[in-house]
1. Does A:T40 qualify as being out of contact with any Phe, Trp or Tyr (no Cβ under 9 Å at 6 or more places or on another chain) and either surrounded by fewer than 18 Cβ atoms within 10 Å (Cβ to Cβ) or over 16 Å from A:K138 (Cα atoms) (or both)?
2. For segment A:178-189, which residues satisfy the criterion of being out of contact with any strand residue (DSSP E or B) (no Cβ under 6 Å at 6 or more places or on another chain) and without any contact (Cβ under 8 Å) to a residue 40 or more places away in the chain?
3. Those residues that are outside any loop (DSSP other than H, G, I, E, B), within 21 Å of the chain's Cα centre (by Cα) and charged (D, E, K, R), I need them from segment A:159-181; list them, please.
4. Can you confirm whether A:Y180 is aromatic (F, W, Y) and closer than 28 Å to B:G16 by Cβ?
5. Looking at segment A:187-218, which of its residues are closer than 21 Å to B:K11 by Cβ, assigned to a loop (DSSP other than H, G, I, E, B) and out of contact with any helix residue (DSSP H, G or I) (no Cβ under 6 Å at 6 or more places or on another chain)?
6. So is A:I184 in a loop (DSSP other than H, G, I, E, B), in contact with a Gly (Cβ under 9 Å, 6 or more places away or on another chain) and either over 30 Å from A:I83 (Cα atoms) or not assigned by TED's automatic domain parsing to the domain that holds A:Y110 (or both) or not?
7. Looking at (1) surrounded by fewer than 19 Cβ atoms within 10 Å (Cβ to Cβ); (2) at the interface with chain B (Cβ under 7 Å from one of its Cβ atoms), which is the one condition that is false for A:S220?
Amino acid sequence: MAVQTSSPAATQHGVLVGTDWVAQHLNDAAIRIVEVDVDTTAYGKGHVPNAVGWAWDTQLCDTVRRDIIPKGAFEKLLGSSGIGNNTTIILYGDNNNWFAAWAFWQLKVYGHQDVRLMNGGRKKWIAEGRELSTDTPKITRTSYQAKEADTTIRAFLPEVMKASSERAAQLVDVRSPQEYSGEILAPPGLPETCQRGGHIPGAANIPWGKACNDDGTFKSAEELRALYGSAGITGEQPVIAYCRIGERSSHTWFVLKHLLGYQHVKNYDGSWTEWGNLVAAPVEKP
Amino acid sequence: MPKPEEYSERKTQLAGWPVNIVTFRLGAVYHTTIDNTDPGAWVVKAQGASKQASESKALQEAELLLEKVKKSKPPTGCTSVPGF
């Protein structure tokens with residue numbers, strides 16, 4: 001399958017498709033387009049024709065305990081979306097594919113082979129004046145078989161503690177500088193969900209949005225390499241990315257793992273809402 | 001199938017915070033989204049019969065919300081607990 005993109009890194013790894021490419025494959029039976037937004041009402045107001053919509057807050061997480069979607073629920077979600085194990089999944093969403101990257105990460109946790117992001121996401125599709133549909137696509141259910149969860153791309157608290165105290169991995173805090181410094185506990189306008197502000201000791205601050213151009217597309221491989229390299233993140237050591245709840249960091253995880261091809265990259269989805277609420281956890285405030 | 005038209009995007013400050021304002025028309029309705037630039041999460045959404053009506057409604061709501069953001073005192077140093 002050809003991949004249309006201007007990013008050399010994306011071409012190399014085959015994980016990005018352009019809006020033109022998506023427009024030409026709206027009715028391709030081998031492909032399922034999925035919208036995942038920060039604003040879970042956006043899909044209902046108009047979406048890429050034939051796309052299904054997933055809600056990150058109810059469908060891409062465990063709704064009882066704090067965790068990613070359980071394997072059985074994941075299989076049901078993909079089956080009800082008409083996705084088989086060989087389907088090519090094209091993800092897109094608002095806000096530079098923020099939660100689309102969160103879905104991408106979970107799809108990789110459960111071993112889906114062919115999943116890609118639409119470069120530029122919903123914003124670029126709308127800015128280009130492309131068709132929006134409010135119709136729900138007709139789906140033929142499938143029986144999806146997920147693999148066991150791949151923990152090589154997911155970091156849990158003990159590993160992050162070790163990374164911080166022993167510098168066993170490089171920590172990248174992808175939140176805004178004001179969240180990193182502890183000046184604010186949550187992005188402006190969003191609820192505060194932690195008790196303390198600051199960051200995990202030893203973490204470098206590289207806000208996730210720096211990986212994107214103004215039109216929402218990803219920067220070139222050269223620019224991305226320079227961005228992370230300037231903070232010493234070169235892929236030679238293991239990297240753990242975190243943010244507030246693990247979605248912004250899945251975007252950075254995608255960049256490091258799939259656009260730059262760094263081998264050992266994990267997303268710490270517990271992120272600051274776990275660390276910043278721990279009793280006696282070390283907190284650094286610059 | 002409708003197509004979004006009159007797409008516009010601009011940055012400004014509201015209650016001291018940088019925001020991004022996106023408006024487009026879908027059919028007869030103008031849609032405005034205001035996001036907080038960093039990280040870019042939407043703060044408010046509004047609709048109106050004109051661009052001005054949609055944006056002014058969104059701006060009002062966003063300003064009220066952003067005025068409530070608390071800032072902590074300037075950081076004074078490391079509060080690490082050794083041996084954790």
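1. no
2. A:Q178, A:E183, A:I184
3. Selection gives A:E159, A:D173, A:E179.
4. So A:Y180 fits the description; yes.
5. Across segment A:187-218, the qualifying residues are A:P187, A:L190, A:P207, A:N213, A:D214, A:T217.
6. So A:I184 passes the test.
7. Result: A:S220 passes all but (2).
A quick yes/no check of all residues on (1) small (G, A, S); (2) within 21 Å of A:S220 (Cβ to Cβ); (3) part of a helix (DSSP H, G or I); (4) modelled with pLDDT under 95:
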{"residue": "A:I89", "(1), (2), (3), (4)": "no, no, no, no"}
{"residue": "A:N96", "(1), (2), (3), (4)": "no, yes, yes, yes"}
{"residue": "A:W102", "(1), (2), (3), (4)": "no, no, yes, no"}
{"residue": "A:W105", "(1), (2), (3), (4)": "no, no, yes, no"}
{"residue": "A:K108", "(1), (2), (3), (4)": "no, no, yes, no"}
{"residue": "A:H112", "(1), (2), (3), (4)": "no, no, no, no"}
{"residue": "A:L117", "(1), (2), (3), (4)": "no, yes, no, no"}
{"residue": "A:K123", "(1), (2), (3), (4)": "no, yes, yes, yes"}
{"residue": "A:I126", "(1), (2), (3), (4)": "no, no, yes, no"}
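The values are calculated or read from the model by the stated rules, or taken from the named source; none is laboratory data. Source: prediction; values computed, not measured. When we count neighbours, we look across all protein chains shown, and the Cβ atoms used for this are built from the backbone with ideal geometry, even at glycine.
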